[in-house]
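The values are calculated or read from the model by the stated rules, or taken from the named source; none is laboratory data. All figures in this text were calculated on a predicted structure; none of them were measured in a lab. Glycine gets a Cβ as well: all are built from the backbone with ideal geometry, and neighbour counts include every protein chain shown. The accessibility values were calculated without ligands, DNA or RNA, using every heavy atom of the protein model including side chains. Shrake-Rupley method; radii C 1.70, N 1.55, O 1.52, S 1.80 Å.
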Amino acid sequence: QVQLVESGGGLVQPGGSLRLSCATSGSIFSMWHMGWYRQAPGKQRELVARITSGGGTYYAVAVKGRFTISRDNNKNTVYLQMNSLKPEDTAVYYCNADRGVVAVWGQGTQVTVSS
């Protein structure tokens, strides 16, 4: 089973940037599809971006053109580069690994966009 540990969250002003990292261990990283989800207070968890084991990517409409997901199979890590951040991007961001019917979640990292 894979274990996930997110880092890189914090407080940033509107228009700023952050890079989230999700370090994995315990399994063959390259076999897993990886995703970033977020959950704002009072809202459902939503998919932000996803990258397949083959490197294909998907982005939610709200972040397309501003966020970039990438993976480094040598470092067993997936990244989310977030640019041009907006207050509505404020949420807890969760890393997710899935492979068929198996899904694993990280503990989450808070991102707050505020002046």
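Below, the figures for the structure above:
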read-out	value
Close pairs (6 angstrom Cβ cut-off, 6 or more residues apart or separate chains): under 11 Å from V104 (Cβ atoms) in the range 4-32, outside any strand (DSSP E or B) and open to solvent by 30 Å² or more (accessible area, probe 1.4 Å) anywhere	T24/N76; G26/Q1
Residues of the range 101-115 satisfying the condition of being outside any strand (DSSP E or B) and either in contact (Cβ under 8 Å) with a residue 40 or more places away in the chain or of a type in the set (S, T, N, Q) (or both)	G106, Q107, G108, S114, S115
Test: residue in the range 62-84 that is open to solvent by less than 60 Å² (accessible area, probe 1.4 Å), of a type in the set (K, R) and touching a residue at least 24 places away in the same chain (Cβ under 8 Å)	yes
Selection within the range 51-61 - touching a strand residue (DSSP E or B) at 6+ places or on another chain (Cβ under 6 Å), surrounded by fewer than 16 Cβ atoms within 10 Å (Cβ to Cβ) and hydrophobic (A, V, I, L, M, F, W, C)	A60
Elements of type strands (runs of 3 or more DSSP E) in the range 17-59, at least 1 residues being aliphatic (A, V, I, L, M) and within 21 Å of S114 (Cα to Cα)	18-25, 46-51
Any hit, the range 86-100, residues being part of a loop (DSSP other than H, G, I, E, B) and of a type in the set (G, A, S)	yes
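The rows are residues; the columns are (1) touching a strand residue (DSSP E or B) at 6+ places or on another chain (Cβ under 8 Å); (2) among the β-branched types (V, I, T).
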site	(1), (2)
A49	yes, no
L85	yes, no
G100	no, no
W105	yes, no
V111	yes, yes
